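K.L.:
One structure, as structure tokens, below. Some questions next.
The values are calculated or read from the model by the stated rules, or taken from the named source; none is laboratory data. Nothing here was measured: the structure is a model prediction, and the numbers come from that model. Note that each Cβ is placed from the backbone with ideal geometry, even for glycine, and that neighbours are counted across all protein chains shown. Keep in mind that these areas ignore ligands, DNA and RNA; they rest on the heavy atoms of the full protein, side chains included. Shrake-Rupley method; radii C 1.70, N 1.55, O 1.52, S 1.80 Å.
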Amino acid sequence: MTKRYKFISWNVNGIRAVDKKEALKWIDNIDIDLLGIQETKSQKDQIPKSIFEKEFSFKMASQSAIKGRSGTALFSDIVVDFECNCPSVDILDEGRINEIHFSLKDKNIAFFNVYFPNGQSSQERLDYKMKFYDRFLEHCERLKKDGKSIIVCGDVNTAHEEIDIARPKANENTSGFLKRERDWITKFLNHGYIDTFRLVNGDLKDKYSWWSYRANARQNNVGWRIDYFYVSSDLKDFIKDAYILDDIMGSDHCPIALEIEI
């Protein structure tokens, strides 16, 4: 007998701000197996217990060495047999990764909840972002060689193709849509990973996961699709749905979802 699993990912842009808006209460009303949150901007002990009522059996968080920056949190009802914050990738200890391992039937899965760096502030940060990308791919490849299937969720901070951004020409020289950043996503996919949203939805247009707070961008749907669920190709046949929850408010990002059946 198979079971359908639902995973949700959301860059909340400040977990305490989202809590004040009660913008995560919708989690109480859905059947969900795993929730990955990025950009908590909180230390572990600052994540409010009131974000939702649902009690998950497993919780973990990462925090940045610089308070008020980055941060990720993961909540799951799946039995986890390994957890870490992936220091070999997040070498500056910026609180960017939750890594857990678990088994679903005969699949041994390494699951990543990641807040990838933003490269817009300086050339130095762009270079760090690209090195972070490469370290992450190398880590995933090592795990695949060890027999792991890979699932990645999070804010990748890059729109891959022109279809993934409302105004591609205007942003071709902006970090987040630079050729070198987009080429890395292509390289990642060519190593045997799948963009689940595109697999399920094909060339569906005008679907984004992030909008600037400026110029009524969200109301006008002038957005970027920079949040993803990737899976290793051995999980392709288990993917049942992948979608964007663009009706959920509370952040400049909206949640995204992946459903698999194993």
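K.L.:
Regarding residue 220, is this residue open to solvent by 10 Å² or more (accessible area, probe 1.4 Å) and farther than 30 Å from residue 105 by Cβ?
P.N.:
yes
K.L.:
Now, a different point. Return the residues of the range 77-117 that are more than 21 Å from residue 5 (Cα to Cα) and among the charged types (D, E, K, R); say none if nothing qualifies.
P.N.:
Passing the criteria: 90, 93, 94, 96.
K.L.:
Scan the strands (runs of 3 or more DSSP E) fully inside the range 50-113 and keep the ones with 1 or more residues being in contact with a Cys (Cβ under 8 Å, 6 or more places away or on another chain) and crowded, with 22+ Cβ neighbours inside 10 Å.
P.N.:
Of the strands (runs of 3 or more DSSP E) lying wholly inside the range 50-113, those with at least 1 residues that are in contact with a Cys (Cβ under 8 Å, 6 or more places away or on another chain) and crowded, with 22+ Cβ neighbours inside 10 Å span 97-104.
K.L.:
Which residues, counting only those in the range 251-262, are assigned to a loop (DSSP other than H, G, I, E, B) and open to solvent by 20 Å² or more (accessible area, probe 1.4 Å)?
P.N.:
Once the filter is applied, which keeps residues that are assigned to a loop (DSSP other than H, G, I, E, B) and open to solvent by 20 Å² or more (accessible area, probe 1.4 Å), the range 251-262 yields only 252.
K.L.:
Residues being open to solvent by 50 Å² or more (accessible area, probe 1.4 Å) and in contact with a helix residue (DSSP H, G or I) (Cβ under 7 Å, 6 or more places away or on another chain): count how many of those fall in the range 179-198.
P.N.:
Count: 2.
K.L.:
Let me ask something additional. From the set of residues in the range 114-125 that are in contact with a Ser or Thr (Cβ under 9 Å, 6 or more places away or on another chain) and of a type in the set (S, T, N, Q), which is surrounded by the fewest Cβ atoms within 10 Å (Cβ to Cβ)?
P.N.:
Here the answer is 121.
K.L.:
From the residues in the range 18-49 that are part of a helix (DSSP H, G or I) and in contact (Cβ under 8 Å) with a residue 60 or more places away in the chain, which one is surrounded by the most Cβ atoms within 10 Å (Cβ to Cβ)?
P.N.:
Per the stated criteria, the residue is 18.
K.L.:
Please enumerate the residues belonging to the range 3-17 that are part of a loop (DSSP other than H, G, I, E, B), open to solvent by 20 Å² or more (accessible area, probe 1.4 Å) and within 24 Å of residue 68 (Cβ to Cβ).
P.N.:
13 - this is the single residue of the range 3-17 that is part of a loop (DSSP other than H, G, I, E, B), open to solvent by 20 Å² or more (accessible area, probe 1.4 Å) and within 24 Å of residue 68 (Cβ to Cβ).
K.L.:
Please specify each residue of the range 126-174 satisfying the condition of being out of contact with any helix residue (DSSP H, G or I) (no Cβ under 9 Å at 6 or more places or on another chain), part of a helix (DSSP H, G or I), more than 18 Å from residue 102 (Cα to Cα) and open to solvent by 40 Å² or more (accessible area, probe 1.4 Å).
P.N.:
Of everything in the range 126-174, those that are out of contact with any helix residue (DSSP H, G or I) (no Cβ under 9 Å at 6 or more places or on another chain), part of a helix (DSSP H, G or I), more than 18 Å from residue 102 (Cα to Cα) and open to solvent by 40 Å² or more (accessible area, probe 1.4 Å) turn out to be 127, 131, 135, 138, 170.
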